[in-house]
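Report on the structure given below.
The values are calculated or read from the model by the stated rules, or taken from the named source; none is laboratory data. Predicted model, so just to flag it, every value in this text is computed and none were measured. Every residue, glycine as well, gets a Cβ built from its backbone with ideal geometry; the counts of neighbours run over all protein chains shown. With ligands, DNA and RNA removed, areas are computed over all heavy atoms of the protein, side chains included. Shrake-Rupley method; radii C 1.70, N 1.55, O 1.52, S 1.80 Å.
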Amino acid sequence: MLEISQLYNKANTLSGRAFRRKLSKIDWKVIRWNEQSNRQDYYDLHGMSKLGAQRYVESIVAGKTGKFRFETGRGLHSTNNVPKIKNALLEEYRERLRCSIRVDLSNYGVLVLDK
């Protein structure tokens, strides 16, 4: 997470294409970390861009069924404390057929997706 924080600090000094490339690099670091974590059906999305997280979740659940847990955080480090990733995933998967998504009552920073 320290490395991701440092990358975000660097990204915030950039604009346009350079900014988007830096966000993409952060997204890939988070994905690689999840792949190496050996936690089955549990994914930590902290640090990802909203679009990167949406794409990653879609790649995880595409063609699969089961229960998936996504740690999005509660938005405490987001602009105006609005949890962008959490809200985007709730909106996207509430509208999908054969899917249900809810906030984990034991951890408000985790979403549970049943597909």
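Structure data summary
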read-out: Dmax and Rg, reported as Rg then Dmax, of segment 1-46 (C-alpha, Å); value: 11.9, 36
read-out: Radius 15 Å from Cβ of VAL110, net charge of other residues (Lys, Arg +1; Asp, Glu -1); value: +1
read-out: Carbon + sulfur, % of accessible area of segment 1-114 - ligands and nucleic acids excluded, 1.4 Å; value: 49 percent
read-out: Segment 85-115 versus segment 21-58: alpha-carbon centroid distance in Å; value: 17 Å
read-out: Spin-label pair VAL103/THR65, simplified geometry with 7 Å Cα→Cβ offset, distance in nm; value: 3.0 nm
read-out: Segment 1-114: proportion of alpha-carbon pairs further apart than 18 angstrom, %; value: 50 percent
read-out: Per residue accessible area in Å² of the chain, where ligands, DNA and RNA are left out and the probe is 1.4 Å; value: 65 Å²
read-out: Helix-only CD estimate at 222 nm, as mean residue ellipticity for the chain, using -39500 (n - 2.57) per DSSP H run (n ≥ 4); value: -15000 deg cm²/dmol
read-out: DSSP-loop GluC sites (Glu not before Pro) across segment 19-115, with at most 12 other Cβ within 10 angstrom; value: GLU95
read-out: Cβ-defined net charge surrounding ASN80, 15 Å radius [Lys, Arg +1; Asp, Glu -1]; value: +4
read-out: Dipole of the chain, positive end: most advanced residue of LEU45, ALA18, LEU97 [Cβ charges, Cα centre]; value: ALA18
